[in-house]
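Engineer: Quick one: structure below, then a few questions.
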Amino acid sequence: QVQLVESGGGLVQAGESLRLSCAASGSIGIIAAMGWYRQAPGKQRDLVATITTGGRTNYADSVKGRFTISGDNAKNMVYLQMNSLKVEDTAVYYCKITELIPTRDYWGQGTQVTVSS
């Protein structure tokens, strides 16, 4: 019964900031990576940012320089600091955890981020 819970979403104006959090609980094995994905209505779910247990990060080009992903391995938590938000960032943001052995993904229920002009 692995559970991932996202929080921190909301409604903000363009240029403002939000910080998303994801807490994982349950019988999770060794974690290889954590990440954030987003999905706008009628769109596919796209990668936003990932971070490995070793701290290596990867970002979508659209958020580089604006978003920062960080994690706390001991607490099984991952964060996404979102600055200079744009209307185009509006989406449901999902947390994902990748288990190492066997490799499998766990997803949260999502949190809505809405950016107004």
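Engineer: Mind listing just one residue for me: the one in the stretch 94-104 that is of a type in the set (A, V, I, L, M) and more than 10 Å from the chain's Cα centre (by Cα) and, of those, farthest from Ser116 (Cα to Cα)?
Structural biologist: By that ranking, first place goes to Ile101.
Engineer: If you don't mind, there's one more thing I want to ask. Among what's in the stretch 51-79 and is part of a strand (DSSP E or B) and of a type in the set (Val, Ile, Thr), pick the residue that is surrounded by the most Cβ atoms within 10 Å (Cβ to Cβ).
Structural biologist: Val78
Engineer: Could you tell me whether Leu85 is open to solvent by less than 50 Å² (accessible area, probe 1.4 Å), at pLDDT 95 or above and part of a loop (DSSP other than H, G, I, E, B)?
Structural biologist: So Leu85 passes the test.
Engineer: Right, something else. From Leu18, Leu4, grab the single residue that is farther than 22 Å from Pro102 by Cα and touching a Gly at 6+ places or on another chain (Cβ under 9 Å).
Structural biologist: Sole residue among the options that is farther than 22 Å from Pro102 by Cα and touching a Gly at 6+ places or on another chain (Cβ under 9 Å): Leu18.
Engineer: In this structure, is Arg19 open to solvent by 50 Å² or more (accessible area, probe 1.4 Å), assigned to a strand (DSSP E or B) and touching a residue at least 40 places away in the same chain (Cβ under 8 Å)?
Structural biologist: When the stated conditions are applied, Arg19 passes them.
Engineer: Being assigned to a strand (DSSP E or B) and either surrounded by fewer than 16 Cβ atoms within 10 Å (Cβ to Cβ) or acidic (Asp, Glu) (or both) is the filter here, so list the residues in the stretch 33-50 that pass it.
Structural biologist: Matches in the stretch 33-50: Gln39, Asp46, Leu47.
Engineer: Count, please, the residues in the stretch 61-93 that happen to be among the small types (Gly, Ala, Ser) and more than 12 Å from the chain's Cα centre (by Cα).
Structural biologist: So the count comes out to 4.
The values are calculated or read from the model by the stated rules, or taken from the named source; none is laboratory data. The structure displayed is predicted, hence computed values, not measured ones. When we count neighbours, we look across all protein chains shown, and the Cβ atoms used for this are built from the backbone with ideal geometry, even at glycine. When the accessible area is computed, the model is the full protein with side chains, heavy atoms only, and any ligands, DNA or RNA have been set aside. Shrake-Rupley method; radii C 1.70, N 1.55, O 1.52, S 1.80 Å.
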